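A short write-up of the structure that comes next.
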Amino acid sequence: MVKAVFFDWFNTLVYSKPDAQEIYCQAYRELGIELNPQKVLKGYALAEKQMVDGNPAKWKESEDEETYIRYQEILLTEIGVKVSRDVISKAIRNIKQMADEVILALYDDVLPALNALKQQGLILGLLTNMQKGMRLNYRELGLEPYLDFVVTSEEAGANKPKPPIFLLALERAKVSAQEAIYVGDQYGTDVLGAKRTGINPVLLDRCDLAPNVSDCPRIHSLLEIVDYVSR
């Protein structure tokens, strides 16, 4: 019996304005390189599968760029663009600058889905690798009445897909792994991370980028999770 549903944050509950593919396209456009937004989406899917920890969080100047460069290389190869690592490094800095200025918005299906799940008496939690400003963001977007708790990687001491953040969520919800569902948009960080701790994963594939995933339920809208937990 399902007692708790945990959610990923970015590209599951919220999206950025401008969205990620627009940011990527603009970052490279400033370097004289044109990318196709739809192909960028497909590049995301391939890069996410090939990177052990999925899509890396936003780059910080204090960090080694290698992981971020590798992710970009996979993405660009998928869409047929070959550039030097120096160009990729410049693009990463452009992406960071633009990402610092985006605003977040809820997907249209979020509040109806959370409201329906809440009415079923389920415990709802948010798990995110984002850190600074997290609580302020979800409160501003009107999510506080629906969420019983938020767990960040900062609190857990590790990013997804490592177990600590999932285990802390189970502790907060006071449920066993078998009684929880985790919904996220990335196979590597979300699905595999949940599986490692015995939590039942559900892949949210809004753009139908992962048709070959068959080892967990795959949905295209959060409203589908309402029916799923009612079975």
Yes or no: the range 180-202 includes at least one residue that is surrounded by fewer than 16 Cβ atoms within 10 Å (Cβ to Cβ), under 20 Å from C216 (Cβ atoms) and either among the small types (G, A, S) or under 14 Å from the mean Cα position of the chain (by Cα) (or both).
yes
Per-region count, the range 1-40, residues more than 21 Å from the chain's Cα centre (by Cα) and among the charged types (D, E, K, R)
4
Please verify whether the range 214-228 includes one or more residues that are at pLDDT 95 or above and assigned to a strand (DSSP E or B).
yes
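Inspect the range 55-66 for any residue being among the basic types (K, R), modelled with pLDDT under 95, in contact with a helix residue (DSSP H, G or I) (Cβ under 7 Å, 6 or more places away or on another chain) and surrounded by fewer than 18 Cβ atoms within 10 Å (Cβ to Cβ) and give the result as yes or no.
Start the filter on the range 55-66 by keeping residues that are among the basic types (K, R), which leaves 58, 60.
Checking the rest, the ones that are also modelled with pLDDT under 95 come to 58, 60.
If we keep only those that are in contact with a helix residue (DSSP H, G or I) (Cβ under 7 Å, 6 or more places away or on another chain) as well, we get 58.
Add one more test, that the residue is surrounded by fewer than 18 Cβ atoms within 10 Å (Cβ to Cβ), and what stays is 58.
Yes, that holds for at least one residue.
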Quick check: is even one residue across the range 177-200 touching an Asp or Glu at 6+ places or on another chain (Cβ under 8 Å), of a type in the set (F, W, Y) and within 17 Å of A113 (Cα to Cα)?
yes
Exposed (fewer than 15 other Cβ atoms within 10 Å of the Cβ) and of a type in the set (D, E) - does that describe any residue in the range 157-175?
yes
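Could you identify the single residue in D108, D8 that is assigned by TED's automatic domain parsing to the domain that holds T152, surrounded by fewer than 19 Cβ atoms within 10 Å (Cβ to Cβ), closer than 30 Å to A180 by Cα and at pLDDT 95 or above? Steps first, answer last, please.
On the way: D8 fails: surrounded by fewer than 19 Cβ atoms within 10 Å (Cβ to Cβ).
One residue alone meets the criteria, D108.
Among the residues of the range 159-168, is any assigned to a strand (DSSP E or B) and touching a helix residue (DSSP H, G or I) at 6+ places or on another chain (Cβ under 9 Å)? Break it down stepwise before answering.
Step one: of the range 159-168, the residues assigned to a strand (DSSP E or B) are none.
No; the residues of the range 159-168 include none that is assigned to a strand (DSSP E or B) and touching a helix residue (DSSP H, G or I) at 6+ places or on another chain (Cβ under 9 Å).
Tell me yes or no: at least one residue of the range 24-46 is touching a Pro at 6+ places or on another chain (Cβ under 7 Å), under 30 Å from L168 (Cβ atoms), not in a loop (DSSP other than H, G, I, E, B) and not assigned by TED's automatic domain parsing to the domain that holds N159.
Restricting attention to the range 24-46, the residues satisfying the condition of being touching a Pro at 6+ places or on another chain (Cβ under 7 Å) are 25.
So of that shortlist, the ones also under 30 Å from L168 (Cβ atoms) come out as none.
No: zero hits.
The values are calculated or read from the model by the stated rules, or taken from the named source; none is laboratory data. None of the values given here were measured: they were computed from a predicted structure. Cβ sites come from the backbone with ideal geometry, for glycine too, and all protein chains shown count toward neighbours.
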